[in-house]
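A quick write-up on the structure given underneath.
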Amino acid sequence: QELNLAGNYLHRLPEEIASLLHLRDINLSRNRFRRFPEALAAVTALETIDLEENEITEVPTEKLASMASLRSLNLRANPVSPEVRLLVRPLIPFDLLLSPEKPMPKA
């Protein structure tokens, strides 16, 4: 039901992750993901995804919106683009945790 892969320098997940039918919580914090691991969208029982402290800039909002069991997605300490922040919020019925936006440097 729980899988903790924090701090393992991972940058992708195997497609077989979708076969973990009872997986509810996955901790992928402190890894090297550059994009949201889309294989997680096929894990229907998944309730909590922790992706804090990765290198994620893009998030597949349509796939996230289709994850019926998802309750919490932690993307703190990721360089998520401002566009993602605007697109994701209206589409999602779960808690989305993001780091505060850094103010733009003045020229």
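The values are calculated or read from the model by the stated rules, or taken from the named source; none is laboratory data. Not measured: the values here are computed from a predicted model. Because the Cβ atoms are built from the backbone with ideal geometry, glycine has one as well, and the counts that use them run over all protein chains shown. Please note that ligands, DNA and RNA were not included when accessible areas were found on the heavy atoms of the full protein model with its side chains. Shrake-Rupley method; radii C 1.70, N 1.55, O 1.52, S 1.80 Å.
Structure notes:
- Using 0.36 nm per residue and subtracting the Cα-Cα separation, the extra length available between D95 and E47 on full extension is 16.2 nm.
- With every protein chain in place, the range 2-95: carbon and sulfur % of accessible area (1.4 Å): 50 percent
- The alpha carbon radius of gyration of the range 2-95, expressed as a multiple of 2.2 N^0.38 Å, is 0.98.
- Here each label is just a point 7 Å from Cα along the line to Cβ, and for E58 and R24 those points are 3.3 nm apart.
- Percentage relative contact order, the range 2-95, counting C-alpha pairs under 8 Å, at least six apart: 24 percent
- Based on protein heavy atoms only, the range 2-95 ends up with 58 Å² per residue of surface accessible to a 1.4 Å probe.
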